[in-house]
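**Q** Encoded as structure tokens, here's the structure I'll be asking about.
The values are calculated or read from the model by the stated rules, or taken from the named source; none is laboratory data. No experiment lies behind these values; they were computed from the predicted model shown. These accessible areas exclude ligands, DNA and RNA; they are computed on the full protein's heavy atoms, side chains included. Shrake-Rupley method; radii C 1.70, N 1.55, O 1.52, S 1.80 Å.
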Amino acid sequence: MARMHTRRRGSSGSDRPATDEAPEWSDVDADDVEQRVVELAEQGHDPSVIGLKLRDEGVKGTPVPNVKLATGKKITEILDENDASDDLPEDLKNLMQRAIRLREHVQRNPQDHQNRRALQNTESKIRRLVNYYRGDALDPSFRYSYDVAVELLE
């Protein structure tokens, strides 16, 4: 599939193994995994970082290759059940942080047209995501602007 704002194609990546159950060597209890997920979320980590930490560090020294196979639930579902999820979806939050950094850079460097274009592309991606999440994860009257993004991410 092609990229959104360029003519290039995306870089290919490896696929997960097609399996329905956790590997035999990862015999971690589902309750322990859920507790560790909530603990990492309370430390301020995003769901993708939580998955990486569980893969690398594990629970009590045993790595967890896939949280969904170990518990039957996604990380975001576990966080929602325990009221530990963020107000904004992770992808939208990351794009807003990038837009804030780009806007500050463009204000300091007004002749940087390449990053001005990158800011326009990033803000269009944000608006597209806001339309996707509106009414579900976001308020139906939510409108993106730089001031709103700064206020939400402080």
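**Q** Grab the Cα-Cα distance for ARG8 and GLU42, subtract it from 0.36 nm times how many residues apart they are, and report the gain in nm with one decimal. Present the calculation step by step, with values, prior to reporting the outcome.
**A** Working: separation 34, 0.36 × 34 = 12.24 nm, distance 3.89 nm.
Gain on extension, ARG8 to GLU42, equals 8.4 nm.
**Q** Amide H neighbours of VAL59 under 5 Å, at least 5 residues apart or on other chains, H built in the peptide plane: list them.
**A** VAL64
**Q** I've got another one for you. Using a Gaussian network for the chain with springs between C-alpha atoms less than 10 Å apart, which of these wobbles most: THR76, THR122, THR62?
**A** The residue that fluctuates most here is THR62.
**Q** Treating the angle as unsigned and between 0 and 90°, give the value, to the nearest 10°, between the Cα long axis of helix 90-108 and the longest Cα principal axis of the chain.
**A** 30
**Q** Also, I was wondering about something else. Which lysines does LYS125 reach when only Cα atoms under 16 Å apart count, and residues fewer than 8 places away in its own chain are ignored?
**A** Correct list for LYS125: LYS93.
**Q** Another one. Could you state the accessible area per residue of the chain in Å², with a 1.4 Å probe and every protein chain left in place? All intermediate terms of the calculation are to be shown ahead of the outcome.
**A** Numbers: 10900 Å² over 154 residues.
On a per-residue basis, the chain sits at 71 Å².
**Q** Gaussian network model of the chain, Cα springs within a sub-10 Å range: biggest mean-square fluctuation belongs to which of VAL106, VAL33, VAL64?
**A** Its mean-square fluctuation being the largest, the pick is VAL106.
**Q** Next question, about the same structure. How big is the chain by the Kirkwood estimate over distinct Cα pairs, in Å? Let's see the in-between values first.
**A** Numbers: mean 1/r = 0.0553 Å⁻¹.
Evaluated over the chain, this radius sits at 18.1 Å.
**Q** Within the accessible area of the chain, what % is carbon and sulfur when the probe is 1.4 Å and the other protein chains stay in place?
**A** Working: 4710 of 10900 Å².
So the carbon and sulfur contribution to the accessible surface is 43 percent.
**Q** Counting only helical runs of four or more DSSP H residues, what would the 222 nm mean residue ellipticity of the chain come to if each run contributes -39,500 (n - 2.57) and the total is spread over all its residues? If you can, show how the numbers build up before the last one.
**A** Numbers: 7 runs with 83 residues, N = 154.
One gets -16500 deg cm²/dmol as the mean residue ellipticity at 222 nm.
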